[in-house]
Amino acid sequence: MSSILPIWNSVYNSMSIMVNRATPYHTDVNGWQQWLDMLIMVGDYPPLDFIITTLNLWLQYNPGTIIAMPGSALEHGVGYADGNHACLTYYMWQNVHESVGIPLCNPPHISDLQL
């Protein structure tokens, strides 16, 4: 896997494509709470909600929507909708970083900002 690192063109080390499916409420188990996952919704479908139960938040999940969130820290899910839709999900797994010897960064802190 380390031979791929010089040509890997993404800050994310993993990607999934989910097509025409509902996602039950869950938290992602292989990430790190400080990392943001990126979800991109495409397709042609009726209104759909992306629900972050931890925050009691309902987001409109229309085609073209991009959501960045810490999937390991926030419980989330999406219901079913008729039509054709796909979610391109970019995320990182801690064990992939460890297996190729890339150190994990410290979580951001307010003192890191230079005002």
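The values are calculated or read from the model by the stated rules, or taken from the named source; none is laboratory data. On a predicted model such as this, the values are computed, not experimentally measured, just so you know. A quick note on method: Cβ atoms are made from the backbone with ideal geometry, for glycine too, and the neighbour counts reach across all protein chains shown. The accessibility values were calculated without ligands, DNA or RNA, using every heavy atom of the protein model including side chains. Shrake-Rupley method; radii C 1.70, N 1.55, O 1.52, S 1.80 Å.
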inquiry  = Testing the spin-label approximation: label points 7 Å from Cα along Cα→Cβ at GLN33 and LEU113. State their distance in nm.
reply    = 2.1 nm
Residue-wise HN-Hα coupling along region 75-91, computed from phi with Karplus coefficients 6.51, -1.76, 1.60 (Hz; x: Gly, Pro) = 6, 8, x, 9, x, 8, 9, 5, x, 9, 8, 9, 10, 8, 10, 10, 7
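With a ≥ b ≥ c the root eigenvalues of the C-alpha gyration tensor of region 1-75, is it rounded (a/c under 1.5), prolate (a/b larger than b/c) or oblate?
Here region 1-75 falls in the oblate category.
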key: Accessible area expressed per residue, region 1-103, with surrounding protein chains retained (probe 1.4 Å, Å²)   = 61 Å²
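With runs of 4+ DSSP H residues as the only contributors, calculate the mean residue ellipticity of the chain at 222 nm using -39,500 (n - 2.57) per run, divided by the residue total and rounded to the nearest 500. Display every interim value, and only then the final one.
Details: 1 runs with 6 residues, N = 115.
Result for the chain, helices only: -1000 deg cm²/dmol.
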ask   = Of the heavy-atom accessible surface of region 1-104 (probe 1.4 angstrom), what whole percent is carbon and sulfur?
value = 58 percent
remark   = Residue-ordered couplings for region 58-70, obtained by feeding phi - 60° into the Karplus form 6.51 cos²θ - 1.76 cosθ + 1.60 and rounding to whole Hz (Gly and Pro as x), are 10, 10, 5, 10, 7, x, x, 5, 10, 10, 10, 7, x
request  = Give the residues of region 40-57 whose amide nitrogen is closer than 17 Å to a point set 7 Å from the Cα of ALA73 in the direction of its Cβ.
outcome  = 52-57
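What's the extension gain from HIS26 to ASN56 if we count 0.36 nm per residue and subtract their Cα-Cα distance? Can you show the working numbers first?
Working: separation 30, 0.36 × 30 = 10.80 nm, distance 1.39 nm.
Residue separation times 0.36 nm, minus the Cα-Cα distance, leaves 9.4 nm.
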remark   = Descending packing, highest mean Cβ count within 10 Å first, for 47-57, 16-26, 82-92, 103-113 is 82-92, 47-57, 16-26, 103-113
Global geometry of region 59-106, whether rounded, prolate or oblate, following the gyration tensor of its Cα atoms and the 1.5 cut on a/c = prolate
